[in-house]
Each structure stands twice: as structure tokens, then as C-alpha cells.
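To start, the structure itself, in C-alpha cells.
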Amino acid sequence: MAAAAGVNASTVSRALNSPDRVSALTRTKVQDAARELNYRANIGASKLRSGGPQAIGLVVSGVTEPAKAKMLSGIEDAAASHGCLVLVSDAHNSGDQEREAAQRLASVTDGVIFVEPTIPDDELQELARLKDTVIIHRDVPGIARVGKAPASGLADTVRYLTGLGHRSVTYVTAPLRNPAMADEVQSLDEQCVWSGVGLTKITAVGAGPDAGRRVARQVRATGCTAVVCASDLLAIGIMQELQAGGIDVPHEISVIGWGDIEGASLTTPPLSTVRPTGACTGRLAVDNLVELWRRHPPSANTCVPAPELIIRGSSGAPPRVQGER
């Protein structure tokens, strides 16, 4: 860029970083050359060299959701290891708030991480031209992405249940937007078709234990021998209500959650669940952003390990199979 502006490299640096130290004419030449060459100052890299703290902007919806909280924990751990600060903005499932948060964070940080963004590709690409950007759980051409492994936690759950003899499963979800779960639900459908398992889907009115308790009778009415839930809190509520109605878990119906929250192993019986890899996802996103600062482009699509099915006491063989033993 120095050649394009007709000045030396040190003058370019002063014009961009300390504009009051050069003449107005020189500053204009450098700025014009920067626009023509689509130049972007790599603030993150300069701070890495100087040892100063970098700031990472995180745009996410639902920071209090257990899976998102684990992802945030992974992001903060990795950021601390790289000497970075994290500024978080909850977009509350609103495209407009997501857009505003991105613009605000881009102006005060050295790079931005999006979790499951909903704004259009072209807007994300425009931001990525101005600020180093990493996206979690969405594929946008030209932007570094951290995605899920091909294996599916829900598909593994169905394979586990069919191996025990279950042939009727109910899936209970919450009315929360979660694009990352779309592929999981599709794999659930496909695995049930492949395994010859009857699948019923129920949407709870809410995402907590109370919502689970309210939907428990609907679950029981399906006649299923196993219920799989989109969250551990839903699963705990369903299990509590079934037990209050005299239904034995897991001997009459198995219950499996999603998230492996801290209290999942403390229920009676302990809750079987799928453990997502949110913390690992968060760490990889920060690592990728640091690689962008160092001008070592990461892989366009970094996959994280597959979710892991954690088998505990709330799941077992269905009554029919138990009676045959």
C-alpha cells in the first residue's frame, strides 16, 4: 500500500494509527490508497505482537440456555489463555438486535464471533471484510466456521433405544429457536424411519421443568416406551410428573434429556442425557479467530466432536422386553 500512496511504510503506519502525526495531504493519500486496495488494519495481530489485550465480541441469543452457557464458558477459557477479553451481547432471538449488536461490537473489538446468526449472508460477509469474524453453527461462504461433526447425538440415542427393544419414542421440544438442533432433529427422523421406530413429536409450552410437568400427560397418552427431550430441564419435569402419577422410570417409560446440566446426575433416578460439545466449540472458535489475527487462515469448516450419549438410571429396556427375560 505504501507504493500505491507514494510514501514509505512507516508513513503509512503513522497515517493509519496516528493520523495527527502526518500532513493532511499525506493522510488523504494513504486513506485513498487503503480504500482502493480494500485494506483493513489488523488490530488484533498488532496487539498480539505488542502483548496488549485483544477484545472479542460475541453475538449470541439465549446466553442463559445450558448449552449456550457451556459454549460461553469455552470461549472465555480460550480467550483467557490467549490474553483476550470477551464482550457479550444477547440478541434475544431478534435479527434486528443481532444486527445492532454486531455493529456495536465491531466498533469496539478486534474480532467478532457469531453463534447461529440469522442475519443474511451478505451482511455477515460485509462485516467480515471489516473485522475478523468466525461463525458457529452456520455456513457462510468466505467466513471461518466452527460446525458440528456429522455424527448425531439424537441418532445415537435412537440406536441405543432400539438396541434395548424400544419401538415407540416421543420427542419433546421447546418453542425456542435453535438452528443448531435442526440437523439433530432431521437425524432423529431418519434414524427412526431406518430402525422402524414409531415417532411422535410434542412441543412443550416453555423450556423448564414446569413445561415438562405440563406436557407429561400428553407424553403418557402416546403410549411410547421412551421419551427424548430437547433439554434436561424438560426431561426432569416430565420424569417428576410421571413419577408423581405412579409411573415407574425407567421400568415403564425411559426418559432421556439433552445438555448434561450440572444437576442431571442428581435426579432420582439419575438422568440419561446427551452431552453436547459446546465448550469445545467455543474454544475452537476463539482459536480460529486468533489464527485470523496471525494471518494463518483456519480451515473453512472446523468440526467439533460429536455429542455424547451419557447413559444413567432413567433409561432402560421397555416393559415388553423386561417381561421376556
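Within the range 148-162, is there a residue that is out of contact with any strand residue (DSSP E or B) (no Cβ under 6 Å at 6 or more places or on another chain), small (Gly, Ala, Ser) and at pLDDT 90 or above?
Yes, there is a match, as at least one residue in the range 148-162 is out of contact with any strand residue (DSSP E or B) (no Cβ under 6 Å at 6 or more places or on another chain), small (Gly, Ala, Ser) and at pLDDT 90 or above.
Which of the residues belonging to the range 213-262 are more than 19 Å from Arg159 (Cβ to Cβ) and hydroxyl-bearing (Ser, Thr, Tyr)?
Listed by number, the residues that qualify are Thr222, Ser231.
If I filter the range 107-115 for residues that are in contact with a helix residue (DSSP H, G or I) (Cβ under 9 Å, 6 or more places away or on another chain) and open to solvent by 30 Å² or more (accessible area, probe 1.4 Å), do I get at least one hit?
Looking through the range 107-115, none of the residues is in contact with a helix residue (DSSP H, G or I) (Cβ under 9 Å, 6 or more places away or on another chain) and open to solvent by 30 Å² or more (accessible area, probe 1.4 Å).
Between a first residue in the range 78-96 that is in contact (Cβ under 8 Å) with a residue 24 or more places away in the chain and closer than 16 Å to Ala106 by Cβ and a second residue that is outside any strand (DSSP E or B) and among the charged types (D, E, K, R), which pairs have beta carbons less than 8 Å apart while being 6 or more apart in sequence or on different chains?
Qualifying pairs under 8 Å: Val86/Glu76; Ser89/Arg104; Ala91/Glu98.
Consider the range 234-276. How many of its residues are open to solvent by 30 Å² or more (accessible area, probe 1.4 Å) and of a type in the set (S, T, N, Q)?
Matching residues across the range 234-276 total 4.
Any idea how many residues of the range 175-198 are open to solvent by less than 90 Å² (accessible area, probe 1.4 Å) and within 24 Å of Lys148 (Cα to Cα)?
Result for the range 175-198: 16.
What is the one condition in (1) on the phi < 0 side of the Ramachandran plot; (2) modelled with pLDDT under 90 that Ile202 does not satisfy?
Tallying (1) on the phi < 0 side of the Ramachandran plot; (2) modelled with pLDDT under 90, Ile202 fails exactly one: (2).
Can you confirm whether the range 82-94 contains a residue that is modelled with pLDDT of 90 or more, within 23 Å of Gly153 (Cβ to Cβ) and surrounded by fewer than 18 Cβ atoms within 10 Å (Cβ to Cβ)?
So far as the range 82-94 goes, no, none of its residues is modelled with pLDDT of 90 or more, within 23 Å of Gly153 (Cβ to Cβ) and surrounded by fewer than 18 Cβ atoms within 10 Å (Cβ to Cβ).
I want to confirm something. Restricting to the range 206-233 and keeping residues that are of a type in the set (A, V, I, L, M, F, W, C) and more than 26 Å from the chain's Cα centre (by Cα), which single residue is most open to solvent (accessible area, probe 1.4 Å)?
Ala221
The values are calculated or read from the model by the stated rules, or taken from the named source; none is laboratory data. Treat the numbers as computed from the prediction; the structure is a model and nothing was measured. Note that each Cβ is placed from the backbone with ideal geometry, even for glycine, and that neighbours are counted across all protein chains shown. The accessibility values were calculated without ligands, DNA or RNA, using every heavy atom of the protein model including side chains. Shrake-Rupley method; radii C 1.70, N 1.55, O 1.52, S 1.80 Å.
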